[in-house]
Amino acid sequence: VYLLNCGTINNVGILNVYVSNSSWVQNFSKPNLKFLNGTSITNLNIGEEGYFVLPLSTSLKDNAHYSIRIVTERGSTFDSRFEA
């Protein structure tokens, strides 16, 4: 999952991530956030980009639709959908 802090607040940390489809939900606490060069970090400042990899226990199926919810340490939520 790739992220960009395009907001107005520094030190944005990720608390939880939820990935789901119509039949299951997986929750991940405090994913290992990294800069695009692979350096581990804990927060993103304004304008910074980062990513994390989720160890899904369920394989994603081709052409299936999924939802992802990212919850920050300050309680903001960001939702998106994607197709595998």
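The values are calculated or read from the model by the stated rules, or taken from the named source; none is laboratory data. Please read all numbers here as calculations on a predicted model, not as lab measurements. No Cβ is skipped: glycine too gets one built from the backbone with ideal geometry, and neighbour counts run over all protein chains shown. When the accessible area is computed, the model is the full protein with side chains, heavy atoms only, and any ligands, DNA or RNA have been set aside. Shrake-Rupley method; radii C 1.70, N 1.55, O 1.52, S 1.80 Å.
Figures for the structure shown
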{"quantity": "Of residues in segment 52-73 being among the hydroxyl-bearing types (Ser, Thr, Tyr) and surrounded by 15 or more Cβ atoms within 10 Å (Cβ to Cβ), the one farthest from GLU83 (Cα to Cα)", "calculated": "THR72"}
{"quantity": "LYS61 over 15 Å from the mean Cα position of the chain (by Cα) and of a type in the set (Lys, Arg)", "calculated": "yes"}
{"quantity": "From the options TYR2, TYR18, residue that is loosely packed, with under 12 Cβ neighbours inside 10 Å and aromatic (Phe, Trp, Tyr)", "calculated": "TYR2"}
{"quantity": "Some residue of segment 40-49 being free of Cβ contacts under 8 Å to residues at least 40 places away in the same chain, in a loop (DSSP other than H, G, I, E, B) and either open to solvent by 50 Å² or more (accessible area, probe 1.4 Å) or in contact with a His (Cβ under 7 Å, 6 or more places away or on another chain) (or both)", "calculated": "yes"}
{"quantity": "Residues that are open to solvent by 50 Å² or more (accessible area, probe 1.4 Å) and hydrophobic (A, V, I, L, M, F, W, C), drawn from segment 29-39", "calculated": "PHE35, LEU36"}
{"quantity": "First in segment 65-84 and among the acidic types (Asp, Glu), second anywhere and not in a strand (DSSP E or B), Cβ under 6 Å, 6 or more apart", "calculated": "GLU73/GLY13"}
{"quantity": "Selection status of ASN27, of a type in the set (S, T, N, Q), part of a loop (DSSP other than H, G, I, E, B) and free of Cβ contacts under 8 Å to residues at least 24 places away in the same chain", "calculated": "no"}
{"quantity": "Hey, LEU56 modelled with pLDDT under 95 and not charged (D, E, K, R) or not", "calculated": "yes"}
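Conditions tested, residue by residue: (1) more than 10 Å from the chain's Cα centre (by Cα); (2) under 14 Å from VAL12 (Cβ atoms).
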position: LYS30; (1), (2): no, yes
position: GLY38; (1), (2): yes, no
position: ILE68; (1), (2): no, no
position: GLY75; (1), (2): yes, yes
